[in-house]
1. When the range 1-37 is examined, which residues are found to be outside any loop (DSSP other than H, G, I, E, B), among the β-branched types (V, I, T) and surrounded by fewer than 21 Cβ atoms within 10 Å (Cβ to Cβ)?
2. Sort out which residues of the range 149-160 are small (G, A, S) and either surrounded by fewer than 19 Cβ atoms within 10 Å (Cβ to Cβ) or under 18 Å from R274 (Cβ atoms) (or both), and write them in order of number.
3. Which residues, counting only those in the range 38-76, are touching a residue at least 40 places away in the same chain (Cβ under 8 Å), in a helix (DSSP H, G or I) and under 25 Å from S151 (Cα atoms)?
4. What are the pairs with Cβ atoms under 7 angstrom where one residue, in the range 276-290, is within 11 Å of V184 (Cα to Cα) and touching a residue at least 40 places away in the same chain (Cβ under 8 Å) and the other, located anywhere, is among the charged types (D, E, K, R) and open to solvent by 30 Å² or more (accessible area, probe 1.4 Å)? Sequence gap at least six, or different chains.
5. Which one of these does I245 not meet: (1) over 30 Å from S13 (Cβ atoms); (2) touching a helix residue (DSSP H, G or I) at 6+ places or on another chain (Cβ under 9 Å); (3) not charged (D, E, K, R)?
6. Here are the criteria: (1) part of a helix (DSSP H, G or I); (2) touching a helix residue (DSSP H, G or I) at 6+ places or on another chain (Cβ under 8 Å); (3) open to solvent by 60 Å² or more (accessible area, probe 1.4 Å); (4) not charged (D, E, K, R). Tell me which single one H228 does not satisfy.
7. Here is a list of conditions, (1) open to solvent by less than 40 Å² (accessible area, probe 1.4 Å); (2) more than 18 Å from Y82 (Cα to Cα), and N63 meets all of them except one; can you say which number that is?
8. Of the residues I111, I171, I188, I163, only one is crowded, with 20+ Cβ neighbours inside 10 Å, of a type in the set (A, V, I, L, M), within 17 Å of the chain's Cα centre (by Cα) and under 28 Å from R293 (Cβ atoms); which?
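The values are calculated or read from the model by the stated rules, or taken from the named source; none is laboratory data. Everything numeric in this text was worked out from a predicted model, so none of it was measured. Cβ atoms come from the backbone with ideal geometry, glycine included; neighbour counts cover every protein chain shown. Quick note on the areas: whole protein, heavy atoms, side chains included, nothing else; ligands and nucleic acids left out. Shrake-Rupley method; radii C 1.70, N 1.55, O 1.52, S 1.80 Å.
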Amino acid sequence: MPTIYRYPKQGRSRYLVVVDEDGGIDVKRGDTLDKYSMCIHGNPYMEHEYLRNKNGKLVPVENVDLIYTGETLYHIPTRKAYQQRTVKMVIPGVVIDVPPPSHYKKQQAIIKHFQRECGLSIQQAKQLSKAISVGLLAAKTAAQLAVLVGSVAMGIAAGPVVILAGFASSILALFGVLSIAHRVTGAIAYCYGVTAWVYDRAKPGFSKHLAELLERNGVHGDNLKLHHQAWIQGVAQAGRACNNITIRGSKIDPDSVKVVLRYFSKNDTTDLYRMVFKTMLEKLSGEDRNRFRKVVEKGCIYNL
């Protein structure tokens, strides 16, 4: 029985590959070996574990960027398992121990994948690949690395607006527990909370700029304490939202969200805060929208 591998594993599949019991794969239009690798392993750099029929023998695919629609390739690990179970061989088989790719080859495959699947320039892809391998991935296992690379590719392809839109329902839920007078404070705290989470900062305390602005407008005593409470609720709600982002029905790894949003905000906290603010503003309406915009326009930017 053939095995169907999909990427992502859950939710709507971006691409899939059908591997027969003997390891055979019928190449279809648009197929690439890095897509097969994404489906089977969750990363794009296991492109070297495929064979093709050449003059009646199975030989390794030398140029991983050159496969042909209609040809049959063979996945080496599946082929080896088949050979161990049976002696029926339609095509002369080989048993090959596939060496793991070097760090350099992994990097090159990741760069190529980001260029091809996400439309990045080679410099952008190199920058992103370096950030992933040197930063968040330093302490991760190979399996976690595979999932993260795949999720980052999905996140880059979706774009920051799609990812940030995943926070919208959460901020509306926050508004449901805050009074109208304190919603702006909660919304600003929410944007601060998302920004701090993406950049691995501590949970942000009450903004000094916002406190000064409120006091200048006559907010003191118990009323100011209520704004403090709204701030705490906003930051907490942001934390809950950050760990449950989905893209088109598929949950994206939280570390991937951080990588993607850092990439799109050019590694600048204020730039990301503005992105989050703009996305949240588009989801609000009426007086909430007007009050939120006015406060931020008065200088309440990401600055603790």
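1. Matches in the range 1-37: T3, I4, V18.
2. Our first condition is that a residue be small (G, A, S); within the range 149-160, this holds for 150-151, 153, 155, 157-159.
Across the range 149-160, the qualifying residues are A157, A158, G159.
3. M38, H41
4. Every condition considered, the pairs that remain are D288/R183.
5. (1)
6. Status for H228: all satisfied but (2).
7. For N63, the failing item is (1).
8. I163
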